[in-house]
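Okay, so here's the structure we're looking at.
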Amino acid sequence: MQIKVDKLPSNAHEFSKVWKYRLKTPTERYNFLLRVGSQRLGHIFRNEISFGLLGEMISVLNGNYREEDSGELVAVLQALSTVNRFSLSLQFLDESERSARSQLLQRLHQTLVKHARQPQQSAETVNSLMSAYSV
């Protein structure tokens, strides 16, 4: 079952309301993240990501990972890594979220290198993400 969100969020408060109260399953959350997209997520969270939300996003992306979405997932992770207080948010990941972060980045690395026209460039992209996400 897909929850219909008529209007995409324009700020962190709107995003959090939809994320917490309208989206009931990890699959709904995964699809919502992809629908909102990397540019909008970067804009919404430009000041900071609220406590715990980064870890939830990483866990959702890892738990619902689809190879065909790998390009968009890289863009989402890159956008989130540029927000203020990102490194502080990383410090508050719990053990399962840290594990999901590592798994997600390893999966992206494998997928992108396997399917890339320029494997070296793809590897460098994921390696920079791994560095940003302290993996």
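Read the figures in this text as sums done on the coordinates, not as results from a lab. None of these values were measured; they are calculated from a predicted model. All Cβ positions, glycine included, derive from the backbone under ideal geometry; neighbour counts span all protein chains shown.
Numbers below:
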quantity: Net lengthening on full extension, Arg35/Glu48 (0.36 nm per residue, minus Cα-Cα); calculated: 2.7 nm
quantity: Extension gain (nm, one decimal) between Gln78 and Ser10, 0.36 nm per residue minus Cα-Cα; calculated: 22.6 nm
quantity: D (Stokes-Einstein, µm²/s), Kirkwood Cα radius, the chain, 1.567 mPa s at 4 °C; calculated: 86
quantity: Within region 20-87, chymotrypsin sites (Phe, Trp or Tyr not before Pro) in DSSP loop having at most 15 other beta-carbon neighbours inside 10 Å; calculated: Phe51
quantity: Cβ-defined net charge surrounding Ser59, 9 Å radius [Lys, Arg +1; Asp, Glu -1]; calculated: -1
quantity: Cα centroid separation - region 66-110 against region 1-65, whole Å; calculated: 14
quantity: Most to least packed among 98-107, 9-18 [average Cβ atoms within 10 Å]; calculated: 98-107, 9-18
quantity: Relative exposure of Leu23, Leu88, judged by other C-beta atoms within 10 Å (fewest first); calculated: Leu88, Leu23
